[in-house]
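Asks: My questions will all concern the structure given below.
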Amino acid sequence: GESVGLHLPTLSVQEGDNSIINCAYSNSASDYFIWYKQESGKGPQFIIDIRSNMDKRQGQRVTVLLNKTVKHLSLQIAATQPGDSAVYFCAENIRGYNKLIFGAGTRLAVHP
Amino acid sequence: EPEVTQTPSHQVTQMGQEVILRCVPISNHLYFYWYRQILGQKVEFLVSFYNNEISEKSEIFDDQFSVERPDGSNFTLKIRSTKLEDSAMYFCASTRRQPSQETQYFGPGTRLLVL
């Protein structure tokens, strides 16, 4: 069912630690996945994407892992910085459909 | 770097009034989208637009909503008779190709408050 609520799960980390944010996606036919970062009062900002023919993709300080068997996506942020504090959303696309389906979001709080 | 822009950044309106939210997508993009985000909740798809017609819409996008690309640069969302529950952030996005082929780039949003 839908995962909607006013209270986002929060991940609190110390500056310099690694962060792992998880997402369970909804549709086994989804073949393109994106992680977005949203700061307060702003629009979603692209971080990294991955296609279903891959299980891992790395960017600068970020890594996305995809487990299609259990429909699970994760975002790893290395050496987390205060500027990483934001809400992180995963989004999925089903080939042939002109829309993204967003997950519920996780708030990342980085403490100095 | 080119980006999606939206105006106004904030809009306050009375229930029952019409509002038009404006977006300027990235110039060489061909697919356009509107999403909304109620405070504290996830981003929800409203509508996608390609080749001057709606290509997909959600259940939220009822007869009170319409979209238009009045010229070569603007993409608008009109809410004909606003309701209290229309209060949300509205985001425009665009892509050059289909969303299964590349990332959607989002604008900064318009915060709509219906009183």
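Asks: Out of (1) over 12 Å from the mean Cα position of the chain (by Cα); (2) within 13 Å of chain A (Cβ to nearest Cβ); (3) closer than 18 Å to B:Ile20 by Cβ; (4) not charged (D, E, K, R), what's the single condition that is false for B:Phe91?
Replies: Tallying (1) over 12 Å from the mean Cα position of the chain (by Cα); (2) within 13 Å of chain A (Cβ to nearest Cβ); (3) closer than 18 Å to B:Ile20 by Cβ; (4) not charged (D, E, K, R), B:Phe91 fails exactly one: (1).
Asks: Could you please give the count of residues in the range A:14-47 that are of a type in the set (D, E, K, R) and buried (at least 18 other Cβ atoms within 10 Å of the Cβ)?
Replies: Result for the range A:14-47: 1.
Asks: Scan the range B:39-52 and tell me whether some residue there is small (Gly, Ala, Ser), closer than 25 Å to A:Glu39 by Cβ, part of a loop (DSSP other than H, G, I, E, B) and modelled with pLDDT under 95.
Replies: yes
Asks: A further question on this structure: State which residue is farthest from B:Ala93 (Cα to Cα) when the search covers only the range A:28-49 and only residues that are within 10 Å of chain B (Cβ to nearest Cβ) and not in a strand (DSSP E or B).
Replies: For the range A:28-49, the residue satisfying everything is A:Gly41.
Asks: In the range B:57-75, which residues are surrounded by fewer than 17 Cβ atoms within 10 Å (Cβ to Cβ) and in a strand (DSSP E or B)?
Replies: Result: B:Ser66, B:Glu68.
Asks: Can you tell me which of (1) more than 13 Å from chain A (Cβ to nearest Cβ); (2) open to solvent by less than 30 Å² (accessible area, probe 1.4 Å); (3) not charged (D, E, K, R) is the one B:Val47 doesn't meet?
Replies: (1)
Asks: Within the range A:79-95, track down each residue that is more than 19 Å from A:Arg51 (Cβ to Cβ) and either of a type outside the set (Ser, Thr, Tyr) or at pLDDT below 95 (or both).
Replies: A:Ala79, A:Gln81, A:Pro82, A:Gly83, A:Asp84, A:Ala86, A:Val87
Asks: Just to be sure, is B:Ser100 modelled with pLDDT of 95 or more, facing chain A (nearest Cβ under 9 Å) and either surrounded by fewer than 17 Cβ atoms within 10 Å (Cβ to Cβ) or under 22 Å from A:Ile101 (Cβ atoms) (or both)?
Replies: Against the criterion (modelled with pLDDT of 95 or more, facing chain A (nearest Cβ under 9 Å) and either surrounded by fewer than 17 Cβ atoms within 10 Å (Cβ to Cβ) or under 22 Å from A:Ile101 (Cβ atoms) (or both)), B:Ser100 does not qualify.
Asks: Going by the conditions given, is A:Leu75 within 13 Å of chain B (Cβ to nearest Cβ), under 18 Å from B:Phe106 (Cβ atoms) and of a type in the set (A, V, I, L, M)?
Replies: Here the answer is no, as A:Leu75 does not meet what is asked.
Asks: Scan the range B:1-22 residue by residue and report those that are closer than 28 Å to B:Glu102 by Cβ and within 11 Å of chain A (Cβ to nearest Cβ).
Replies: Result: B:Glu3, B:Val4, B:Thr5, B:Gln6, B:Ser9.
Asks: Being without any contact (Cβ under 8 Å) to a residue 40 or more places away in the chain and basic (Lys, Arg) is the filter here; which residues of the range A:69-100 pass it?
Replies: Residue satisfying the conditions is A:Lys99 alone.
Asks: Can you find a residue that is in contact with a Ser or Thr (Cβ under 7 Å, 6 or more places away or on another chain), hydrophobic (A, V, I, L, M, F, W, C) and assigned to a loop (DSSP other than H, G, I, E, B) anywhere in the range B:12-33?
Replies: Yes, that holds for at least one residue.
Asks: Same structure, new question: In this structure, does A:Thr63 turn out to be without any contact (Cβ under 8 Å) to a residue 40 or more places away in the chain and open to solvent by less than 60 Å² (accessible area, probe 1.4 Å)?
Replies: Considered against the rule, which asks whether it is without any contact (Cβ under 8 Å) to a residue 40 or more places away in the chain and open to solvent by less than 60 Å² (accessible area, probe 1.4 Å), A:Thr63 comes out as yes.
The values are calculated or read from the model by the stated rules, or taken from the named source; none is laboratory data. As the structure is a prediction and not an experimental result, all values here were calculated from the model. Methodologically, a virtual Cβ is constructed for each residue, glycine included, from the backbone with ideal geometry; neighbour enumeration extends over all protein chains shown. SASA here: full protein model, heavy atoms, side chains in, ligands and nucleic acids out. Shrake-Rupley method; radii C 1.70, N 1.55, O 1.52, S 1.80 Å.
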